[in-house]
Every structure is written in C-alpha cells, then in structure tokens.
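Here's the structure we're looking at; comments come further down.
Each reported figure results from applying straightforward, stated rules to the coordinates on display, with no laboratory input. Since the model is a prediction, treat every value here as computed from it, not as a measurement. Here the Cβ is made from the backbone with ideal geometry for all residues, glycine too, and neighbour counts use every protein chain on show.
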Amino acid sequence: MDISDFRSVVRVDPPAAVLTVVGELDAFTTLQVRRQAYDAVAAGCADLKVDLSAVTFIDASGLGLLVRLRRTAADSGGRLEVVAASACVRRLCALLGLTDVFGLGREPSQAAGRTGTVLTLLRTRPRWRRADIA
C-alpha cells in the first residue's frame, strides 16, 4: 500500500468527534491522525470515537497513538471508544492484552476468518542464560 492510499477523516460534533482511518496506521501516518484528534479535542470534543474497520496494517506507533488518545480524552473528561476495528487491529490488541482497554470485545470469527481459537503466548527463559543471571 502506498502512503497515498492512507486517509483519515474527522467529523467534529461537540462533545464528540468521530475519527475514521483508512489504510496503514504506522509511524508515518500517526502524525496526521494525532494532529486531527488533538484539534478535535481543542475544539471541545472530549469523547473520541475511532473507526478502524478499514485499517490494513497497524504497528507499535499506531497502537501507541491509541493509548495516548485514550489518555488525552480522559484528561479532557471524556473517553476514547473504538467503534469498529479490522482483523489486524483486533489481533494486535488481543496479543498485547488491550482488547478490553479499547472495548473491542470478542473478535467476530467471520471478519477474521478464524473459528475463535484462543492463542496463548508463553514466555520462557532462554536456555543459554546462566542460572545466577536474572
């Protein structure tokens, strides 16, 4: 996907704003989304509703943006609500334990193409480490 395929639109209607993101939400595109969201908050929108249903890719900077926007909304007396999310957004939030934080609930099996299998990640200590090193 080319950066020209990215699009973010904000509909400001105080006390809420609806932010719709299309394309890749990464280090290059989060700056635009952040600027638009902060402008909406400055215009009196304490509640931010984010539609991520058309996001095709999200990385750590995109997820970090959502966390910052959640804090910004809370500081303004509002809240951040993810009203819709694509499969890649749901998957990343599930892997990082942020599903409940963003109110994503359970992943619809049809949208993700899965049968609802729960993935468990285990953290193990590398074998090459000495026992006396934490």
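Phi-derived couplings, Karplus 6.51 cos²θ - 1.76 cosθ + 1.60 at θ = phi - 60°, listed residue by residue for segment 18-28: 10, 10, 10, 10, 10, x, 8, 9, 9, 4, 7 Hz, with x used for Gly and Pro. Placing a pseudo-label 7 Å from each Cα along the Cα-to-Cβ vector at Ala54 and Ala87 gives an inter-label distance of 1.9 nm. Residues whose amide H comes within less than 5 Å of that of Val82, counting only those at least five positions distant or on another chain, are Val50 (H built at 1.01 Å from N in the peptide plane).
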